[in-house]
Amino acid sequence: MSKAVCIYPEDITTAFLRPLCNHICSTFNAVEVGYDTSIDDDPLEIIHNAVRNAKTVFFLGHGMSTCLYASVLDNVELFNKDNYSLLEGKRLFLLACNSDQFIKNYDFENSIGFGFLPTSLDDVRQKRLFHNILVETLEKKDIEFFNEALVNAIANTLSDNTISDPHLFVERLRFAISEEIVQCLLKKETSNYRTIADELYYVFKDMIVC
């Protein structure tokens, strides 16, 4: 039985999460599984089987209040109302947009989820306003800065101790994101650095731990 699984449906929209996936696999001895359609076996079933045998599930990808995606590009749902029971009783770390609502919707316990994560230009163009912050004017360099800061903060927070103690995770993530915000404001590497700092703040504020 694998104690930890890292589900990472890698594509052009999630490529920036590769360092975080590597960190999770090395730190927790997690087995990485992705959505591989080049093989003969059912790629969804491969992921589902890995989850059945896991105690801790990390998910790095896309989501909404009702589902997590195997492929957002092809609109393939991995977990939804028909099979969410596969995740019940697991320790969950879900780095995906609206995974906070996903956790609430299916009443999961022992879980960490997040709200809106502006990790692509499509995200911010569609969202436009977030917490009364104008985000639709963000450019590619802004998004890249945010993504790098997000990965750094979470990688510097995740450990055996913090994944076992959600309250400790909250404290450590608050500190790690604060460091990234300070660097953002000091370096001013993007024209929208103030907006990026605000977005990083709300990563923490919108997070759910239960």
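Bear in mind that the values in this text are calculations on the coordinates, not laboratory data. All values reported here derive from a predicted model rather than from experimental measurement. All Cβ positions, even for glycine, are placed from backbone atoms using ideal geometry, and neighbour counts span all protein chains on display.
Can you list the lysines whose alpha carbon is less than 23 Å from that of Lys3, not counting same-chain residues fewer than 8 positions off? Output for Lys3: Lys55, Lys90. Computed from backbone phi with θ = phi - 60° and the Karplus coefficients 6.51, -1.76 and 1.60, the 3J(HN,Hα) list for the range 89-94 is x, 9, 7, 10, 10, 10 Hz; x is used for glycine and proline. Residues whose amide H comes within less than 5 Å of that of Glu77, counting only those at least five positions distant or on another chain, are Ala70 (H built at 1.01 Å from N in the peptide plane).
About the centre of its Cα atoms, the range 1-115 shows a dipole size close to 580 debye [charges on the beta carbon of Lys, Arg (+1) and Asp, Glu (-1) only; nearest 20 debye]. Of all lysines in the structure, those lying under 28 Å Cα to Cα from Lys187, and not within fewer than 8 positions of it along the same chain, are Lys127, Lys140, Lys141, Lys205. Which entry in (i) 1.04; (ii) 0.98; (iii) 1.44 is this structure's computed Cα Rg over 2.2 N^0.38 Å? Label (ii) holds the value from this structure.
Taking R0 as 22 Å, what's the FRET efficiency between Lys140 and Glu179 from their Cβ-Cβ distance, rounded to 0.05? Rounded to the nearest 0.05, the efficiency is 0.40. Using only side-chain charges placed at the Cβ, +1 for Lys and Arg and -1 for Asp and Glu, the dipole size of the chain relative to its Cα centre rounds to 660 debye.
Ranking Leu186, Leu200, Ala15 by how far each Cα lies toward the positive end of the dipole of the chain (charges on Cβ) leaves Leu186 at the top. Net charge of the neighbourhood of Gly63, taken over other residues with C-beta under 13 Å away and scored Lys/Arg +1, Asp/Glu -1, is -2. Of the beta bridges in the range 1-146, as assigned by DSSP with both residues counted there, near 30 percent are antiparallel. The amide H of His62, built 1.01 Å from its N in the peptide plane, has Tyr69 as neighbours under 5 Å, considering only residues 5 or more places off or on other chains.
Between rounded, prolate and oblate, where does the range 1-115 land on the alpha carbon gyration tensor, with a ≥ b ≥ c its root eigenvalues, rounded for a/c under 1.5, else prolate if a/b exceeds b/c?
Rounded is the answer for the range 1-115, as its axis ratio a/c remains below 1.5.
Only aspartates and glutamates eight or more places from Lys188 in sequence, or on another chain, were considered; those with a Cα closer than 20 Å are Glu136, Glu139, Asp142, Glu144, Glu148, Glu179, Glu180, Asp198, Glu199. Summarising the label geometry, the points placed 7 Å from Cα in the beta-carbon direction at Lys205 and Glu189 lie 2.4 nm from one another. In sequence order, the range 128-140 has phi-based couplings of 6, 10, 9, 6, 6, 9, 6, 10, 5, 8, 5, 10, 4 Hz under the Karplus curve 6.51 cos²θ - 1.76 cosθ + 1.60, θ = phi - 60°, and Gly or Pro positions carry x.
Across the range 194-205, computed HN-Hα scalar couplings (Karplus, 6.51 cos²θ - 1.76 cosθ + 1.60, θ = phi - 60°) run 5, 5, 4, 4, 5, 4, 5, 4, 6, 4, 6, 5 Hz from first to last residue, x flagging Gly and Pro.
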